[in-house]
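*Asks:* To start, I am sharing the structure in question, which I have written as structure tokens.
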Amino acid sequence: MQREQVADFLRRRREAIRPAEVGIAVGPRRRIAGLRREEVAMLAGMSVDYVVRLEQGRSSQPSTQLLGALARALRLSDDERDHLFHLAGHQPPPADGVARLARAGLVRMLDLLGDTAAMVVSDLGEVLAQNATAKLLTGDHTGFTGVRRYLAYRWFAEPDSRPVHPPAEQERHSRQLVADLRAVAGRRCDDPTVTGLIARLQAASSEFRRLWAEHEVGTRRADRKTFVHPRVGPIVLDCETLVTPDLGQELVVLTPADTESRERLDLLRVLGVEEFPVS
């Protein structure tokens, strides 16, 4: 680990990021143009003390998970993220791991969307980043590990995840998940991550096996779905999906489909964050 280089790079990147780029309001008495250390700590989900020690070159070697969190917090480009990994004494993540870090440009778009719910999702259905409104709507989905990272696995293997959508929509949602995974499997036919996920799903769910055998293929670009929130009830949302050129990541934007849904989403913002256990 090149501690002095890590310290210099993190400090310079922190000073180069304007608060507005990460959704932080600037008060009239602010004396610095960039981010404060405590703001980086908040965005990365780590202690202020650890950020201070990193910038002073006296920290222990950060894990790859911490480096990924810092890369997202500082809106690093792919090259900058890989540089940080090298400085910290780690190899940058392999192809599948790289896809698990939301692209810097997509994260900036999350910030710019403000009160519009949006998230960055991998082609395998792992939520890589969410803005505050999306977390209010569905809970924070970025903390899952292992095979539970993938929405399709939780949907088919863990029935408790299904009440987020009403029963009348669940069959359609199941089919869409399987058809989308079929499209990914066609593009990444030799990828062990994809084949491993499919094998786990086939072992866990007879419903998945039935739908997989039908060989339906289709990647969602636009959709309308109902989210059932425990505090404000059903919210009908139009879902628009923007896909990166390599098809590896998607920006999903969720907007209210009618006046009642808009009012319920506004109420949810007033009520604040609902606790969604991740177990």
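*Asks:* Hand me the list of helices (runs of 4 or more DSSP H) wholly inside the stretch 153-249 holding 2 or more residues that are of a type outside the set (Val, Ile, Thr) and closer than 27 Å to residue 261 by Cβ.
*Replies:* Qualifying helices (runs of 4 or more DSSP H): 167-187.
*Asks:* Okay, next question. Considering every residue within the stretch 53-64, establish whether at least one is in a helix (DSSP H, G or I) and of a type in the set (D, E, K, R).
*Replies:* Yes; the residues of the stretch 53-64 include at least one that is in a helix (DSSP H, G or I) and of a type in the set (D, E, K, R).
*Asks:* List the number of the failed condition for residue 142; all other conditions in (1) outside any helix (DSSP H, G or I); (2) within 22 Å of residue 257 (Cα to Cα) hold.
*Replies:* (2)
*Asks:* Restricting to the stretch 55-74, name every residue that is touching a residue at least 12 places away in the same chain (Cβ under 8 Å), closer than 23 Å to residue 143 by Cα and out of contact with any Lys or Arg (no Cβ under 6 Å at 6 or more places or on another chain).
*Replies:* Scanning the stretch 55-74 gives 61, 62, 64, 66, 67, 68, 69, 70, 72, 73.
*Asks:* Residue check: is residue 144 aromatic (Phe, Trp, Tyr) and in contact (Cβ under 8 Å) with a residue 60 or more places away in the chain?
*Replies:* Yes.
*Asks:* Do the conditions hold for residue 128, that is, is it under 25 Å from residue 219 (Cα atoms) and in a strand (DSSP E or B)?
*Replies:* yes
*Asks:* A further question follows. Consider the stretch 240-261. How many of its residues are within 19 Å of the chain's Cα centre (by Cα) and either buried (at least 18 other Cβ atoms within 10 Å of the Cβ) or more than 18 Å from residue 219 (Cβ to Cβ) (or both)?
*Replies:* Of the residues in that region, 8 qualify.
*Asks:* When you check residue 255 against the structure, is it hydroxyl-bearing (Ser, Thr, Tyr) and touching an Asp or Glu at 6+ places or on another chain (Cβ under 9 Å), yes or no?
*Replies:* yes
*Asks:* Which of the residues that make up the stretch 169-199 are more than 23 Å from residue 146 (Cβ to Cβ) and small (Gly, Ala, Ser)?
*Replies:* 179, 183, 186
Quick note: the coordinates plus some simple rules give every number you see, no bench work behind them. Worth saying up front: this structure is predicted, and the values here are computed from it rather than measured. Note that each Cβ is placed from the backbone with ideal geometry, even for glycine, and that neighbours are counted across all protein chains shown.
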